[in-house]
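Contents: one structure, followed by commentary.
The values are calculated or read from the model by the stated rules, or taken from the named source; none is laboratory data. Source: prediction; values computed, not measured. All Cβ positions, even for glycine, are placed from backbone atoms using ideal geometry, and neighbour counts span all protein chains on display.
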Amino acid sequence: MTLKVSKRRPLVAQSEIRNMTLECARVSGVNLAQGVCDLPVPDVVIKGAEEAMKAGTNIYTRFDGLPRFREAIAAKQKRYTGMDVNPENQVVSSAGATGAFYAACLALLNEGDEVIVFEPYYGYHIVTMASLGIKPVSIILEPPNWEFTAEDLEQAVTSKTRAMILNTPSNPAGKVFSRKELELIADFAESHDIFVFTDEIYEHFVFDGHEHISPATISGMARRTITISGLSKVFAITGWRLGYAICDPEWALPIGHFSDLVYICAPAPLQIGAARGLEELGPEYYQGISDDHQMKRDMFCDTLRDIGLTPHVPDGAYYTLADVTSLPGKTAKERALHLLEKTGVACVPGSAFYSGPVGETLVRFCFAKEMDALEDAMNRLRGLG
Ligand code: PLP
């Protein structure tokens, strides 16, 4: 028998989030490992999708999405970032931000290219690129400040560098890139003439007066930036698979065609539900969820301190990395499993976000849970202290 799986198979075989979720189920624990937000879906979003299904919006859409969805995305981008976006040729709707990122890699990068990423990274970025033969080159950011310099950027570049990835606010560190950092990146990207892929899926969740700045709005960045985001987090619809890329028309068309190749289009009636949400929910809606996340962040980080773990308090998104070197074990995985055994709370070992030793000192918790579940988790954790 000569049949066998592809050489890519090992890249997707071992997901620590999947592993910890299984371990969590085994002990009937509280799962703070998965980045799934339990909050309710806004009524208007559900109603919009329901009405669209009944009205017959159930067939394939144009490869880049329904006009109404693209228009709602462009209007939202103008409202919250000031970007002028033409919905006709600069917006590609996709099966989640994940679909947009994959399509952008297929459309704009080649096997053998190098792409600069910051660690801690979002694993899907790394594995997606690796599965396409693209080599991620890391700049390691360390707690508590997650800082980098112009020299760090220069050291990562080679003649094969074609792009860099920015995730702001970031998963898992909750880092919100400042204007100064983005200007540094803009100068760097311009001088080496590379693309910048941004992942802004947590754009509305920023705390303590921090501001989310869309990298494409920085001078010199508009043409080289592929702005990627989605509705999974902000409308708590991770299962609907709705995201998008916004970019120069020259890149939007090939991204749209690869998006078509992989899944044809984003789910048609759900595009209408999300469009309704974008059209009808105002800034107070987004601020409300962000405030809720911030309140939960504070409670959760206090709990971690009470039991002797050191949280690296995030400025955005809805995760916290915590220093777990006080727990028994040599690796982050052993420490995460110890915590699960003792408390029934599942987290993700930091080794899922770092290629080197820094990750072994950290674990990630997701605090975007309904209050009951979060309180249950916090009570269980206090049992450790
Ligand atoms: N990007 C980041 C940084 C994420 O953390 C996640 C989910 O956890 C995603 C993308 C996935 O987004 P989507 O559901 O739109 O594919």
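From the list His293, His338, the one residue that fits, being under 23 Å from Gly96 (Cβ atoms), assigned to a helix (DSSP H, G or I) and not assigned by TED's automatic domain parsing to the domain that holds Asn171, is His293.
Out of all the residues in region 143-152, is one or more within 20 Å of the chain's Cα centre (by Cα) and over 22 Å from Lys175 (Cα atoms)? No: region 143-152 contains no residue that is within 20 Å of the chain's Cα centre (by Cα) and over 22 Å from Lys175 (Cα atoms). All of (1) within 15 Å of Phe177 (Cα to Cα); (2) under 18 Å from the mean Cα position of the chain (by Cα) hold for Val234 with one exception: (1).
So which residues in region 203-216 are in a loop (DSSP other than H, G, I, E, B), within 16 Å of the ligand (Cβ to nearest atom) and touching a strand residue (DSSP E or B) at 6+ places or on another chain (Cβ under 8 Å), if there are any at all? Break it down into steps so the answer makes sense when it comes.
Residues of region 203-216 in a loop (DSSP other than H, G, I, E, B): 203-205, 207-214.
Add one more test, that the residue is within 16 Å of the ligand (Cβ to nearest atom), and what stays is 203-205, 212, 214.
Result: Glu203, Phe205, His212, Ser214.
Where helices (runs of 4 or more DSSP H) fall wholly inside region 50-135, the ranges with 2 or more residues that are within 16 Å of the ligand (Cβ to nearest atom) and within 23 Å of Ile17 (Cα to Cα) are 96-108, 123-131. The residue list Gly273, Gly277 contains one member that is more than 21 Å from the chain's Cα centre (by Cα), within 16 Å of the ligand (Cβ to nearest atom) and in a helix (DSSP H, G or I), which is Gly273. Val262 meets the conditions (1) outside any loop (DSSP other than H, G, I, E, B); (2) under 18 Å from the mean Cα position of the chain (by Cα); (3) not charged (D, E, K, R) in every case but one. The failed one is (2).
Residues in region 164-194 that are within 16 Å of the ligand (Cβ to nearest atom) and either under 12 Å from Ile116 (Cβ atoms) or outside the structural domain of Ser214 (by TED's automatic domain parsing) (or both): Met164, Ile165, Leu166. Scanning region 75-120 for residues that are surrounded by fewer than 19 Cβ atoms within 10 Å (Cβ to Cβ) and on the phi > 0 side of the Ramachandran plot yields Gly82, Gly112.
Each row is one residue, and each column tells you yes or no for (1) surrounded by fewer than 19 Cβ atoms within 10 Å (Cβ to Cβ); (2) at pLDDT below 95; (3) at negative phi.
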| residue | (1), (2), (3) |
| --- | --- |
| Ala150 | yes, no, yes |
| Ala156 | no, no, yes |
| Ala163 | no, no, yes |
| Asn171 | no, no, yes |
| Gly174 | no, no, no |
| Asp199 | no, no, yes |
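Matching residues to (1) in contact (Cβ under 8 Å) with a residue 60 or more places away in the chain; (2) assigned to a loop (DSSP other than H, G, I, E, B):
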| residue | (1), (2) |
| --- | --- |
| Asn171 | yes, yes |
| Val176 | yes, yes |
| Ile185 | no, no |
| Ile201 | yes, yes |
| Gly239 | no, no |
| Ala245 | yes, no |
| Glu250 | no, no |
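Residues of region 361-385 being in contact with a strand residue (DSSP E or B) (Cβ under 8 Å, 6 or more places away or on another chain) and in a helix (DSSP H, G or I), which ones? Selection gives Thr361, Ala373, Asp376, Ala377, Arg380, Leu381. On the given criteria, is Ile17 of a type in the set (Val, Ile, Thr), in a helix (DSSP H, G or I) and within 14 Å of the ligand (Cβ to nearest atom)? Against the criterion (of a type in the set (Val, Ile, Thr), in a helix (DSSP H, G or I) and within 14 Å of the ligand (Cβ to nearest atom)), Ile17 qualifies. For Ala336, are the conditions met, namely being buried (at least 24 other Cβ atoms within 10 Å of the Cβ) and of a type outside the set (Lys, Arg)? Spelling it out, Ala336 is indeed buried (at least 24 other Cβ atoms within 10 Å of the Cβ) and of a type outside the set (Lys, Arg).
Here is the figure for region 226-250: residues that are away from the ligand (no atom under 16 Å from the Cβ) and either under 20 Å from Ala75 (Cα atoms) or not assigned by TED's automatic domain parsing to the domain that holds Lys78 (or both) total 3.
State all residues of region 292-333 that are closer than 13 Å to Leu362 by Cβ and acidic (Asp, Glu); if no residue qualifies, say none. Within region 292-333, just Asp323 meets the criteria. Residue count for region 73-100 under the criterion of being charged (D, E, K, R), closer than 16 Å to Ser214 by Cβ and either touching a residue at least 12 places away in the same chain (Cβ under 8 Å) or in contact with a Pro (Cβ under 9 Å, 6 or more places away or on another chain) (or both): the result is 2. Every listed requirement among (1) in contact with a Leu (Cβ under 9 Å, 6 or more places away or on another chain); (2) more than 22 Å from Asp38 (Cβ to Cβ) is met by Trp240 save one, (2). On inspection, Thr320 does not qualify as among the polar types (S, T, N, Q), in a helix (DSSP H, G or I) and within 16 Å of Leu32 (Cβ to Cβ).
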